[in-house]
Amino acid sequence: MAAATSEIKVFYCYTHEDQEYRAQLEAHMANLKRLYNLQTWFDRDILPGDQGEKVSESHLDSADLIFLLISPAFMSSDYSYHTEMMRALKRHERGEARVIPVLVRSVHWDNAPFSTIHALPSNSIPIARWPDPDDAFYDVVRGVERTIKSLLAAREAQTWLEKGDMLKDLKQYKEAVEAYDQAIRHNPDAADAYYGKGYALNNLKNYEQAMRAFEHAILLKPDFANAYNNKGIALHALKRYNDAIVAFNHAIRLDPNFARAYYNKGVVLNEAKYHDEAIVAFDHAIRLDPHISRVYNNKGIALNELKRYDDALAALEHAIRLAPSFARAYYNKGNALYALKRYDEAIPVFEHAILLDPNFARAHYHKAVALEKVGRYDEAQQAHARARELGFRA
């Protein structure tokens, strides 16, 4: 195997009574040090004049691998057990480092804080009890190498994940999917890679595959509210409205302050003709985040459908205040004014929508209909012709 491109920092957490075991383990790891660029540190490396405890903590906090040399002396040491080990285990739980308990001498360690982590040697027999200690150290080193390979795979996966995120932000979705697939190849348990892949696939309109990616992310990380939300978006695109609402509800249960999930739920309810329920969802979203213009726009659509035109106007005007270049909000406002028979007011609103989006066929058509209502037939004919050019058929 080629040498690792970046170093792996190793920290020994042990007591001086077990110095001999630490030295022997270090010697047995000589080949791993060359193969994987291991940089080991232990307290004998503290230089004269250094503040020993602070230096030790600094190295522990930056280590990738942390060995706990378990023995009676270790278990009875307040500093090794209560300070260093507990600090190491917190980093292990956060995924910042890998802790490897190494059983060097017999001692009772059932239900110790590290007892849920697989210990070495692999048969859980302490090194001191092996007929040939070299065999025990060889077994330990083989186990350490497996952990190193896993760590390197995770690093490679993280590199590809970050590349995928960058490409996603640049809207290069096809390339992002390829990067996320590389991340998954290196780390099949990378929930964030499956999520990023699903997000990119949604934007590529590949909704079936996107949904499967989100389901995999959720399987790996059941409390992944964003994955449920984006799964709902994929289901909505597939017109599986009931399933989409279930997904959005799950996202909301996991994160009751998830404004976008309420908004997306409202959009689906609107399309399913449950306009009253949609307005409730939009109002939830507004309470959580009053600055999303699309929420007010879609609330205006629901209110238009319910013939609550004055309320619709208020919602759509709010959408326009938040996003003055929002063509669809102007179009929906024009529809509300038209429904109120305020045709002269509706016409310039449709024109503003067309100014913002010249290819907005529906806006051309509804402008034409409003022009007919006020007797401006020549202009109406031109507007109808433009709508037809853009592919609109009444």
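The values are calculated or read from the model by the stated rules, or taken from the named source; none is laboratory data. What you see is a predicted model; the values in this text were computed from it and never measured. For neighbour counting, all protein chains shown are included, and Cβ atoms are generated from backbone atoms with ideal geometry for every residue, glycine included. Areas reflect the complete protein model, heavy atoms only, side chains present, ligands, DNA and RNA absent. Shrake-Rupley method; radii C 1.70, N 1.55, O 1.52, S 1.80 Å.
Worth pointing out:
- Sole exception among (1) closer than 15 Å to T15 by Cα; (2) in contact (Cβ under 8 Å) with a residue 12 or more places away in the chain; (3) out of contact with any His (no Cβ under 8 Å at 6 or more places or on another chain) for I66, by number: (3)
- Candidate set from segment 167-180 (those that are open to solvent by 80 Å² or more (accessible area, probe 1.4 Å) and assigned to a helix (DSSP H, G or I)); member that is nearest to N226 (Cα to Cα): D169
- You will find that of L371, L303, the residue that is closer than 18 Å to A394 by Cβ and either in contact with an Asp or Glu (Cβ under 7 Å, 6 or more places away or on another chain) or surrounded by 22 or more Cβ atoms within 10 Å (Cβ to Cβ) (or both) is L371 and no other.
So that you can scan it fast, the table gives a plain yes or no per residue for (1) within 33 Å of the chain's Cα centre (by Cα); (2) modelled with pLDDT under 95:
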position	(1), (2)
F67	yes, no
S71	no, no
Y79	no, yes
E96	yes, yes
V99	yes, no
R105	no, no
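- Qualifying residue in segment 184-200 (condition: closer than 30 Å to H28 by Cβ and buried (at least 16 other Cβ atoms within 10 Å of the Cβ)): yes
- Out of A361, A281, sole residue that is under 30 Å from A251 (Cα atoms) and open to solvent by less than 20 Å² (accessible area, probe 1.4 Å): A281
- Qualifying residue in segment 185-193 (condition: charged (D, E, K, R), in contact with a Phe, Trp or Tyr (Cβ under 8 Å, 6 or more places away or on another chain) and more than 23 Å from L35 (Cα to Cα)): no
- Among the residues making up segment 337-391, those that are among the charged types (D, E, K, R), closer than 21 Å to I301 by Cα and in a loop (DSSP other than H, G, I, E, B) are K341, R342, D357.
- In segment 21-43, the residues that are more than 15 Å from I127 (Cα to Cα) and free of Cβ contacts under 8 Å to residues at least 24 places away in the same chain form Cβ pairs under 9 Å with partners that are among the polar types (S, T, N, Q) and open to solvent by 40 Å² or more (accessible area, probe 1.4 Å), at six or more places apart or across chains, as follows: K33/Q39.
- None of R287, R253, R321 is within 25 Å of E351 (Cβ to Cβ), part of a helix (DSSP H, G or I), at pLDDT 95 or above and open to solvent by 60 Å² or more (accessible area, probe 1.4 Å) except R321.
- Against the test of being farther than 20 Å from Y228 by Cβ and in a helix (DSSP H, G or I), the options A210, A183 yield a single qualifying residue, A183.
- Scanning segment 105-133 for residues that are within 24 Å of D61 (Cα to Cα), part of a loop (DSSP other than H, G, I, E, B) and of a type in the set (A, V, I, L, M, F, W, C) returns A112, F114, I117, A119.
- Of all residues in segment 142-166, those satisfying the criterion of being within 18 Å of the chain's Cα centre (by Cα) and either without any contact (Cβ under 8 Å) to a residue 24 or more places away in the chain or surrounded by fewer than 15 Cβ atoms within 10 Å (Cβ to Cβ) (or both) are T159, E162, K163, M166.
- Filter pass, L356 being surrounded by 16 or more Cβ atoms within 10 Å (Cβ to Cβ), aliphatic (A, V, I, L, M) and under 18 Å from Y263 (Cβ atoms): no
- Residue match in segment 129-141 (condition: surrounded by 14 or more Cβ atoms within 10 Å (Cβ to Cβ), among the charged types (D, E, K, R) and in contact with a strand residue (DSSP E or B) (Cβ under 8 Å, 6 or more places away or on another chain)): yes
- Cβ pairs under 6 Å, 6+ apart, first in segment 319-343 and more than 12 Å from S293 (Cβ to Cβ), second of a type in the set (S, T, Y) and part of a helix (DSSP H, G or I): A336/Y309; A339/Y309; L340/Y309
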